[in-house]
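Following: one structure in structure tokens, then a few remarks.
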Amino acid sequence: MLRALSQFYEALNSRDMELMSQNWLQGDEAAMDNPLGGIKRGWEEIRSVYERLFGSASDYYFEFYDYTLHDAGELFYVVGRERGTFKTGDIVLEMRIRTSRIFRLINGQWRQVHHHGSIEEPELLTSYQQAVLGRREADREHH
């Protein structure tokens, strides 16, 4: 279980799309609700959010902490916080995100099937969206 969780952050921080693909369920059941992409359903939609982040000129690092892990047999979920730094150009953001992730055991492998992330601070949310998505697209995410 912890290996699947740490694999996700390894893929995220190293911008490794192949490893990210191995971490997520490759199907329509996967779902994500996060500050960059809103609600995405299915791996192809989720992948597009990571492609945008991985393809950006930003420098970032995220870590998961202050979490609990809940084992339910062929399913486990984690509830906690992410912190990190996001830098692009002269913008430096100290990130604080509430996060939950759900993994299912599929053919002997843990696969992420759901992620929810929330930024509580409106100014930080706006700054992060504008830094990654650009001002016009970030404004659409708010409405």
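Observations
- Among the protein heavy atoms of the chain, carbon and sulfur supply 46% of the accessible surface, probe 1.4 Å, non-protein parts ignored.
- Solvent-accessible area per residue for region 19-143 (1.4 angstrom probe, square angstrom): 55
- Amide H contacts under 5 Å for MET95, placed H, 5+ residues apart: GLY84, THR85, PHE86
- Sorted largest first, extent of region 67-121 alpha carbons per principal axis (Å): 45, 20, 13
- For region 1-142, the relative contact order works out to 22 percent when only alpha carbon pairs closer than 8 Å and six or more residues apart are counted.
- The C-alpha atoms of the chain occupy a region whose extents along the principal axes are 44, 30, 28 Å, arranged from largest to smallest.
- For region 78-93, backbone phi angles converted through the Karplus equation (6.51, -1.76, 1.60; θ = phi - 60°) give residue-by-residue couplings of 10, 10, x, 10, 10, 9, x, 10, 10, 10, 8, x, 9, 8, 10, 10 Hz, Gly and Pro being listed as x.
The values are calculated or read from the model by the stated rules, or taken from the named source; none is laboratory data. Everything quoted here is computed from the prediction, not taken from an experiment. We work out accessible area using only protein heavy atoms, side chains counted, and drop any ligands, DNA or RNA first. Shrake-Rupley method; radii C 1.70, N 1.55, O 1.52, S 1.80 Å.
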